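Inspection log for the structure reproduced underneath, given as structure tokens.
The values are calculated or read from the model by the stated rules, or taken from the named source; none is laboratory data. Please read all numbers here as calculations on a predicted model, not as lab measurements. Reconstructed Cβ throughout: ideal geometry from the backbone, glycine too, with neighbour counts over all protein chains shown. All accessible areas refer to the heavy atoms of the entire protein, side chains included, with ligands and DNA or RNA removed. Shrake-Rupley method; radii C 1.70, N 1.55, O 1.52, S 1.80 Å.
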Amino acid sequence: MIDEKQFNTLAKMKGSNLLSIYIPTYRANHSQEDQIRYKNALKTAHAQLTQRGISEKDARQLLRPARELLEQERFWSYLSDGLAVFIGPDDFFHYEILPVTFDTYVFTGNSFHLSPMLPVLGGSSRFFLLALSQNEVRFFEGDQYSITPVKIEDLVPTAGMEDAFVLSDSHDALQHHSSGRDGGENAIYHGQGIGQDDKKKDIEAYFREVNKGLMKMLYDEKPPMVIACVDYLLPIYQSVNEYGNLFTENISGNPEQLNPAMLHEKAWSIISRHFESQQAEDMERFQQAMADDRASAAPQQIIPAAAYEKVDTLFIKKGEHLMGQFDYDKNEIALGKREEYRDLLDLAAVQTHLNGGRVYWLDAEEMPVPTASANAIYRFE
């Protein structure tokens, strides 16, 4: 699953013939159709390369890692809703299996086409779920349609408090267990007590280690996170939490009894209200911002604003492309389909995301101004 670090790496890459391939896929039982669609996309990619002056031999060499993916039969049996493939010089090859669908799109240019992945990163439905009890810890990444377990065994004591603490038979004994992989760092010291205050302190120390481990993975993430736990544990975890977008409402009850599908259903019933409310609020903000001359429905105004970190919220119409080039030095846009040009809506969306803004991908009838390919709310000066 794409994360911010990998997205940033792809966004920084530059070159004369960077290939981006997107195809919609099926989750199961349609591997042959998916492979045919992928083969056709590779043919389109090959044609684009030769049109840019690449020799047949060099085009085949550049696409070699991508073609080798066709030979991995098991790979085609375990896809999701979309597949994104990125190809560059020196055998650079990267793919992402994504829980969002999009139209088939192949682009060859000086940068990668990345905006179709944004709904997975900071878009309209991505969230985290922490299933927390004194006996186990599970972590998931989800969206509106699915939820995926994330391995955290190397970050947190997932088997519960007994995995974090070495208990002593003596009430006065002080024991410790290191959660660090170096065997000595980050030790938790545990004084065995018999009262409720001691138990609460033990749980708090345990949760502090859970939080510390998760933050190694989530330090640059922004999606909301909801906790599944019995109610009395929630304020204890909140007291040690460092994640910036933790929900105050939890999935109430012992999560040990819930499988991923049940957790997803309960999480989405909470999370969906947040996303619906946020989108409705942003729609209202757009209308007010238009009245205050702090918004626009003109792509040729929006694109420079996004490039210069001035867009707070961006609405893009699904399926739209605007090919051209933006000159940062002259603050000028040239439209057309020259070899060095790219999709300027992709530029606006990627830059808005990288600069901390929100990006929505909407059908025409959902757009604040349905006739425009892009609408934007500007940042306050």
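A few comments on the model shown:
- Taken together, the residues in segment 244-264 that are within 14 Å of Phe128 (Cβ to Cβ) and either in a strand (DSSP E or B) or without any contact (Cβ under 8 Å) to a residue 12 or more places away in the chain (or both) amount to 2.
- The set of residues in segment 62-74 being more than 15 Å from Arg37 (Cα to Cα) and surrounded by 13 or more Cβ atoms within 10 Å (Cβ to Cβ) consists of Leu62, Leu63, Pro65.
- Under the condition of being open to solvent by 50 Å² or more (accessible area, probe 1.4 Å) and over 22 Å from Pro119 (Cα atoms), the residues counted in segment 1-27 number 2.
- Positions within segment 108-119 being under 22 Å from Phe315 (Cβ atoms) and open to solvent by 10 Å² or more (accessible area, probe 1.4 Å), in sequence order: Pro116, Pro119
- For segment 217-231, a residue qualifies if it is modelled with pLDDT of 95 or more and either in a helix (DSSP H, G or I) or closer than 18 Å to Lys151 by Cα (or both), and the qualifying residues are Met225, Val226, Ile227, Ala228, Asp231.
- Residue list for segment 298-333, restricted to those being open to solvent by less than 40 Å² (accessible area, probe 1.4 Å) and free of Cβ contacts under 8 Å to residues at least 40 places away in the same chain: Pro304, Gly324, Phe326
- Residue-level check: of (1) under 20 Å from Glu340 (Cβ atoms); (2) touching a Leu at 6+ places or on another chain (Cβ under 7 Å); (3) among the small types (Gly, Ala, Ser); (4) in contact (Cβ under 8 Å) with a residue 40 or more places away in the chain, Ala59 misses just (4).
- Only residues that are surrounded by fewer than 17 Cβ atoms within 10 Å (Cβ to Cβ), in a helix (DSSP H, G or I) and touching a helix residue (DSSP H, G or I) at 6+ places or on another chain (Cβ under 8 Å) were counted across segment 232-243, and they come to 2.
- Residues that are crowded, with 17+ Cβ neighbours inside 10 Å, touching a Lys or Arg at 6+ places or on another chain (Cβ under 7 Å) and modelled with pLDDT of 85 or more are absent from segment 135-152.
- Some residue of segment 31-53 being small (Gly, Ala, Ser), open to solvent by 10 Å² or more (accessible area, probe 1.4 Å), at positive phi and modelled with pLDDT of 90 or more: yes
- Residue in segment 211-218 that is surrounded by fewer than 16 Cβ atoms within 10 Å (Cβ to Cβ) and more than 15 Å from Phe128 (Cβ to Cβ) present: no
- Out of Phe165, Phe128, sole residue that is farther than 18 Å from Met215 by Cβ, buried (at least 19 other Cβ atoms within 10 Å of the Cβ) and at pLDDT 50 or above: Phe165
- Index of the failed condition, Leu42 passing every other in (1) aliphatic (A, V, I, L, M); (2) under 28 Å from Ala348 (Cα atoms); (3) touching a residue at least 40 places away in the same chain (Cβ under 8 Å): (3)
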